[in-house]
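The values are calculated or read from the model by the stated rules, or taken from the named source; none is laboratory data. Since we're looking at a predicted model, the values are computed, not measured. Every residue, glycine among them, receives a Cβ derived from its backbone with ideal geometry; neighbour counts consider all protein chains shown. Side chains are part of the model used for accessible areas, which takes the heavy atoms of the whole protein and leaves out ligands, DNA and RNA. Shrake-Rupley method; radii C 1.70, N 1.55, O 1.52, S 1.80 Å.
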Amino acid sequence: MSDCIFCKIVKGEIPCSKVMETDRILAFNDIHPVAPVHVLIVPKEHVATFNDVGESRGEVLAEMYRAAQTIAREKGIAETGYRVTVNVNPDGGQIIFHLHMHVFGGRKLTDAMG
Ligand code: 5GP
Ligand code: ZN
């Protein structure tokens, strides 16, 4: 999608602080972190919301969860604890309509968004 911020990040048109990358996903630091570790994981293919993940895209979702585990381990928060969140549509707090997973931790989290 040409006007999608995360598609532009995937294409390198907008810079990001990259955390990890595979053929299918990209992980980068959130520009407004709410915790010491706050990483976003996105599929490289544009998928608007979690609702749009059909059977054919199940693998990419699994890969995003695996990436969350790897990132938590590498950032040293796997044992202290962290949260993996997908906000869906306006009531769910979704602002960017390109599917993404938040991984946050590094402090005691209190409410739903940290
Ligand atoms: P949402 O509320 O849609 O689940 O979360 C969107 C997240 O994207 C927010 O935490 C916001 O800080 C982050 N974000 C928005 N624009 C950019 C950007 O240009 N670069 C990065 N790295 N993060 C962004
Ligand atoms: Zn997109």
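Table for the structure above
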read-out	value
Selection count where residues are closer than 19 Å to A78 by Cα and either in a loop (DSSP other than H, G, I, E, B) or touching a His at 6+ places or on another chain (Cβ under 6 Å) (or both), scope segment 17-63	6
Hits in segment 1-49 - residues which are free of Cβ contacts under 8 Å to residues at least 24 places away in the same chain and within 30 Å of D111 (Cβ to Cβ)	I14, C16, S17, K18, L26, F28, N29, I31, H32
Condition broken by D3, with the remaining ones in (1) modelled with pLDDT under 95; (2) of a type in the set (D, E, K, R); (3) surrounded by 12 or more Cβ atoms within 10 Å (Cβ to Cβ) satisfied	(3)
In segment 50-74, residue farthest from D111 (Cα to Cα) [restricted to those that are crowded, with 16+ Cβ neighbours inside 10 Å and within 16 Å of ligand 1 (Cβ to nearest atom)]	V53
D23 vs. criteria within 9 Å of ligand 1 (Cβ to nearest atom), surrounded by fewer than 20 Cβ atoms within 10 Å (Cβ to Cβ) and at pLDDT 95 or above	no
Search result, residues across segment 6-15 that are out of contact with any Leu (no Cβ under 8 Å at 6 or more places or on another chain) and either part of a loop (DSSP other than H, G, I, E, B) or open to solvent by 20 Å² or more (accessible area, probe 1.4 Å) (or both)	K8, K11, G12, E13, I14, P15
Residues located in segment 76-87, provided they are within 16 Å of ligand 1 (Cβ to nearest atom) and either in contact with a Leu (Cβ under 9 Å, 6 or more places away or on another chain) or open to solvent by 80 Å² or more (accessible area, probe 1.4 Å) (or both)	Y82, R83, V86
